[in-house]
Amino acid sequence: MAAPRAAGPVPAPLLRVAAECGRSRARAGELRLPHGPVPCPVFMPVGTRGTAKGVTAAQLAALGCRICLGNTYHLGTRPDSGGFQMVSLVELSEVTEEGVRFRSPYGGEEILLSPEKSIEIQNALGADIVMQLDDVVSSTTTGPRVEEAMHRSIRWLDRCIAANRRPEQQKLFAIIQGGLDPALRTKCLEEMTRRDVPGFAIGGLSGGEEKDRFWRMVKLSTDRLPRDKPRYLMGVGYATDLVVCVALGCDMFDCVFPTRTARFGSALVPWGSLQLKNKQFAKDFRPIDEKCGCPTCQRHSRAYLHALLRSETAALHHLTVHNIAYQLNLMASIRESILAQRFPEFVREFLGTMYGARERVPAWVGEALGAVGITLD
């Protein structure tokens, strides 16, 4: 396939790298976006109705959030939940070369989301970063469908590039596909990196595959992606995954995990999580995390939240605020450690707090970190 030629003046790079880890592939910098700079590595809360579920845009901003993920399909039809619909609505969709034909879960009418229509919606939304429409299959899918999806994603990227009416203001990211097949993912990387797009996303992972295969596909991708452009690992939000994948060279992440787990009564902490519905918290008057400065931890005890969870949806709001703050603070700590040239030390401290004894750290974590020069001892 021939890559489309760039026309006009060369735009300023989207990513400014300020520091790189001397051992791993971790780097810190900022995304230079029309709505303002975004420090990275960055975790992006998943947006719903234009904001993350359970909190307002003003509250997100107060927590230090500078970028939030929206969803083209839902915002183009009815502002509602996030999640990539070609997987989550697979029973209601059909993929052809033309695009993805959905049967709306709201009224049953047919909707065609083509590459062109996807970009048209994103142009209208005014997003700083727009994503190509890609043909994505579950990470556990095998067989010829994976190769078909990979090649179609390349063709759809070219259609998205041609359809973007505001390329200077709205930066189009390609999405690397290929499943868990190294040859297919390498082919996709070779083709897509020939296109002059501002950034790249690693797609089709974090869908239930074994962690050993997950990290290897992430590393294979970051090995071949341009150093001077942002690398966005889609759908990743567990704290350990974030730390490991920053070490592997990723800059951007998104996931519904922190907000969704809050709605089940679970609070994220540096040593894992607290299920505040449990009886053990009924008379625990400490904050969720004594070192957390979020509004929830500053004002409410575990006991109060435990009681609230039994009858009031306000508890879910308080936990959502805390969980987003936890994710944002984790990423800020990662950035600071890279800038201070102490990221390997940070990784060891993080794992020590999260898992305690060295032998409790999952084997895949040690292998992934070892692949980029970070030892756990």
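The values are calculated or read from the model by the stated rules, or taken from the named source; none is laboratory data. Every value quoted in this text rests on a predicted model; they were computed, and no experiment measured them. Every residue, glycine among them, receives a Cβ derived from its backbone with ideal geometry; neighbour counts consider all protein chains shown. Ligands, DNA and RNA are excluded from the accessible area calculation, which covers all protein heavy atoms including side chains. Shrake-Rupley method; radii C 1.70, N 1.55, O 1.52, S 1.80 Å.
Taking only region 149-188 into account, find how many residues are farther than 17 Å from M252 by Cβ and open to solvent by less than 60 Å² (accessible area, probe 1.4 Å). Steps first, please.
Here is the first cut: in region 149-188, the ones farther than 17 Å from M252 by Cβ are 149-169, 177-188.
Then drop every residue that is not open to solvent by less than 60 Å² (accessible area, probe 1.4 Å), which leaves 149-154, 156-158, 160-161, 163-164, 177-180, 184-186, 188.
Count: 21.
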Within region 38-97, can you find the residues that are surrounded by fewer than 16 Cβ atoms within 10 Å (Cβ to Cβ), modelled with pLDDT of 80 or more and among the polar types (S, T, N, Q)?
T56, T96
Of (1) closer than 16 Å to S139 by Cα; (2) in a loop (DSSP other than H, G, I, E, B); (3) among the basic types (K, R), R194 satisfies all except one. Which?
(1)
The strands (runs of 3 or more DSSP E) lying entirely within region 98-187 that contain at least 1 residues which are of a type outside the set (G, A, S) and at pLDDT 95 or above are 129-131, 171-176
Hey, A357 hits all of (1) modelled with pLDDT of 95 or more; (2) surrounded by fewer than 16 Cβ atoms within 10 Å (Cβ to Cβ) but one; which does it fall short on?
(1)
Look at region 192-219 and say how many of its residues are open to solvent by 10 Å² or more (accessible area, probe 1.4 Å), under 13 Å from L157 (Cβ atoms) and among the charged types (D, E, K, R).
2
For region 226-247, which positions are surrounded by fewer than 24 Cβ atoms within 10 Å (Cβ to Cβ), over 11 Å from the mean Cα position of the chain (by Cα) and within 28 Å of A12 (Cα to Cα)?
P226, R227, D228, K229
With D223, D254 as the choices, which residue is part of a helix (DSSP H, G or I) and either under 25 Å from A363 (Cα atoms) or touching a Pro at 6+ places or on another chain (Cβ under 6 Å) (or both)?
D223
Complete set of residues in region 298-309 that are closer than 15 Å to Q275 by Cα and either free of Cβ contacts under 8 Å to residues at least 24 places away in the same chain or open to solvent by less than 40 Å² (accessible area, probe 1.4 Å) (or both)
S301, R302, A303, Y304, L305, H306, L308, L309
Filter pass, I288 being open to solvent by less than 10 Å² (accessible area, probe 1.4 Å), assigned to a loop (DSSP other than H, G, I, E, B) and at pLDDT 95 or above
yes
